[in-house]
1. Quick one: count up the residues across segment 533-556 that are closer than 25 Å to ILE149 by Cβ and free of Cβ contacts under 8 Å to residues at least 12 places away in the same chain.
2. Here are some residues: GLY522, GLY528, GLY477, GLY504. Which one is assigned by TED's automatic domain parsing to the domain that holds MET452, at pLDDT 90 or above, of a type in the set (Gly, Ala, Ser) and not in a helix (DSSP H, G or I)?
3. Residues to consider are GLY415, GLY411, GLY467, GLY431; find the one that is more than 28 Å from GLN136 (Cα to Cα) and touching a residue at least 12 places away in the same chain (Cβ under 8 Å).
4. What pairs come up if the first residue lies in segment 246-260 and is free of Cβ contacts under 8 Å to residues at least 60 places away in the same chain, the second is surrounded by fewer than 24 Cβ atoms within 10 Å (Cβ to Cβ) and part of a loop (DSSP other than H, G, I, E, B), and their beta carbons are under 6 Å apart, counting only those six or more places apart or on different chains?
5. If you check LEU424, LEU441, LEU432, LEU420, which single one turns out to be aliphatic (A, V, I, L, M), out of contact with any Asp or Glu (no Cβ under 9 Å at 6 or more places or on another chain) and surrounded by 14 or more Cβ atoms within 10 Å (Cβ to Cβ)?
6. Could you count how many residues in segment 480-501 are touching a residue at least 12 places away in the same chain (Cβ under 8 Å) and either more than 18 Å from GLY358 (Cα to Cα) or not assigned by TED's automatic domain parsing to the domain that holds PRO461 (or both)?
7. With GLY418, GLY431, GLY411, GLY405 as the choices, which residue is part of a helix (DSSP H, G or I) and under 26 Å from THR372 (Cα atoms)?
8. Report whether or not LEU232 is under 20 Å from ASN90 (Cα atoms), surrounded by fewer than 16 Cβ atoms within 10 Å (Cβ to Cβ) and not β-branched (Val, Ile, Thr).
Amino acid sequence: MTAHAWLILSLLLGSVWLLAKPLGIYIANIMAGRFSFATRIEAIIYRVCGVRATEEMHWSRYALSILLFSLLGSLFVYALQRMQLLLPLNPQQLANVSADSAFNTALSFVSNTNWQGYSGETTMSYLTQMLALTVQNFLSAATGIAVVIALIRGFARHSVASIGNAWADITRATLFILLPLALLLALIFIAQGAIQNFSAYKNVTTLEATTFETPKLDDAGQLQKDAGGNTLTETQTTTSQSLPMGPLASQEAIKMLGTNGGGFFNANSAHPYENPTPFSNFLQMLAIFLIPAALCYTFGHSVGDTRQGWAILAAMTLLFLAFVIPGTYFEQQGNSQLAALGVDQSANALQPGGNMEGKETRFGIAESALFTAVTTAASCGAVNNMHDSLTPLGGLVPLALMQMGEVVFGGVGSGLYGMLIFALLAVFIAGLMIGRTPEYLGKKIEAYDMKMISLAILITPLLALAGTAIAAVATQGKVGVFNPGAHGFSEIFYAFTSAANNNGSAFAGLSANTPFYNVMLGAAMWLGRFAVIVPVLAIAGSLAAKKRLSTNAGTMPTHGPLFVVLLIGTVILVGALNYVPGLALGPIVEHLQFTVR
């Protein structure tokens with residue numbers, strides 16, 4: 001890694017650790033209802049909506065509320081896409097979205113995945129972007145925060161049957177955590193050059209003419225062909241370009257803070273309107289990690305032992321370093337096939353010092369590789385470079401980060417509750433090794449808990465691997481693959497891994513906006529989100545009902561280096577056992593094809 005790569009990585013992680021404590025304390029106090037100004041604002045909303053916020057819920061009722069809330073959100077997003085041509089704020093008069101694409105998009109944004117099989121600037125009206133997609137960016141992130149707070153209450157409480165009120169938790173997370181941070185970040189993005197308007201697309205005169213070939217038509221509008229049946233073309237020159245407009249900065253801010261990732265434009269954070277400068281690029285990476293890291297401190301603060309939160313954050317950071325460093329290294333090595341042709345990559349303007357294919361020159365290799373690791377370690381999915389153009393082992397890094405369950409910082413809320421599930425599994429394994437009943441924070445881990453833990457951990461690998469297997473053999477799945485061989489398999493594998501783990505990024509060489517992929521990936525996204533949330537809430541209810549055991553000489557410490565190592569080993573072991581065969585068929589085989597002659 002270059003000195004610049006080390007510097008930007010150090011600045012990012014240093015900022016994350018510095019901000020984790022103050023924001024974590026704020027989140028803990030907000031979600032506990034300790035601020036009077038927030039309580040007064042909430043009371044008005046609860047009165048209008050008829051919510052009894054002080055009424056605590058059993059875990060099953062909490063889970064039902066989350067599912068119902070998300071289902072209604074999906075129906076609303078679907079309906080708005082299907083009728084957007086009839087609604088205002090559509091200056092381009094974009095058509096209604098097809099049924100299968102609207103289905104996929106609705107499930108994608110409600111599940112905090114933000115997988116996009118469409119091009120935003122040519123598909124979604126301004127109203128759809130704001131009222132359907134941006135609103136769900138807030139609400140899906142708030143749902144993740146609500147679920148992890150409910151799980152934290154399970155650890156903090158004892159001998160009770162309730163884990164909080166879902167409606168109060170979602171309201172507090174949206175109004176007092178996500179909204180203020182998003183407003184501040186949106187203003188900074190605007191200052192950096194991101195656009196925020198309701199204007200129609202603008203035609204501008206360029207500095208130089210652009211020449212391109214178009215099919216030649218006869219007077220009847222039919223294609224003209226020569227004697228051999230080849231279509232004739234004619235050369236045209238233009239000095240104008242259509243520049244897209246729209247209310248972008250507001251969506252960009254919550255897209256990052258909520259680990260959503262859906263781009264206003266098809267190029268996502270590689271677009272100069274979405275990510276204008278290296279400073280905005282750094283802020284986007286920081287925003288992705290900010291709340292997931294702060295929630296670790298919220299956890300330690302809430303259970304009365306901040307060392308527990310720091311231990312979780314340390315495990316996340318070490319796992320991240322274990323992948324981002326080799327990922328950057330692989331990209332800086334460049335394309336070995338070019339080296340085999342005798343190309344001096346260090347002097348080659350197209351690949352200065354490494355693999356610049358698919359990357360923005362204003363970011364370069366170091367910041368592109370770091371962004372790739374950040375967005376797939378967290379379940380964000382925003383991209384500032386083309387993942388399909390990564391080197392084989394460079395592409396393995398984002399795949400592996402997602403396949404660990406998106407727990408290396410992870411999504412807003414979902415990263416921490418996923419890591420806590422692994423923590424419970426780790427103490428269970430440790431308990432088996434020393435012949436003691438496993439305990440975590442004074443709570444016994446029993447048979448029912450382990451069943452729910454197994455469901456939460458195994459559902460995403462099942463969805464990713466089964467979906468990939470079906471798509472790799474089905475005719476409808478294979479027709480969307482433009483790159484044959486190992487790389488084509490990687491594209492399918494990446495798509496289902498991304499959907500099942502609610503990431504949303506893609507290798508993008510796969511033509512996935514088809515009924516087959518829209519339905520298959522939509523189902524994977526929904527189940528990957530809510531088939532995990534339900535057992536997590538069941539564990540929260542089970543823990544809250546248990547008595548707290550006092551610490552004794554046989555209690556395993558869960559805040560020191562030994563536990564951090566055990567937790568990291570558990571995460572890697574589960575991920576490796578599930579996905580190594582798929583990785584061997586995709587990026588590893590492709591790398592061998594690059595290097596072995």
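1. Number satisfying all stated conditions: 0.
2. Numbers: GLY522 fails: not in a helix (DSSP H, G or I); GLY528 fails: not in a helix (DSSP H, G or I); GLY477 fails: not in a helix (DSSP H, G or I).
Criteria check complete, one pass: GLY504.
3. Working: GLY415 fails: more than 28 Å from GLN136 (Cα to Cα); GLY411 fails: more than 28 Å from GLN136 (Cα to Cα); GLY467 fails: more than 28 Å from GLN136 (Cα to Cα).
Only one candidate passes the filter, namely GLY431.
4. As it stands, the answer is LEU248/ILE195; LEU248/TYR273, since those pairs meet every condition given.
5. On the way: LEU424 fails: out of contact with any Asp or Glu (no Cβ under 9 Å at 6 or more places or on another chain); LEU441 fails: out of contact with any Asp or Glu (no Cβ under 9 Å at 6 or more places or on another chain); LEU432 fails: surrounded by 14 or more Cβ atoms within 10 Å (Cβ to Cβ).
Only one candidate passes the filter, namely LEU420.
6. Total satisfying the criteria: 14.
7. Numbers: GLY431 fails: under 26 Å from THR372 (Cα atoms); GLY411 fails: part of a helix (DSSP H, G or I); GLY405 fails: part of a helix (DSSP H, G or I).
Just one listed residue meets the conditions, GLY418.
8. Here the answer is no, as LEU232 does not meet what is asked.
The values are calculated or read from the model by the stated rules, or taken from the named source; none is laboratory data. Not measured: the values here are computed from a predicted model. Cβ atoms come from the backbone with ideal geometry, glycine included; neighbour counts cover every protein chain shown.
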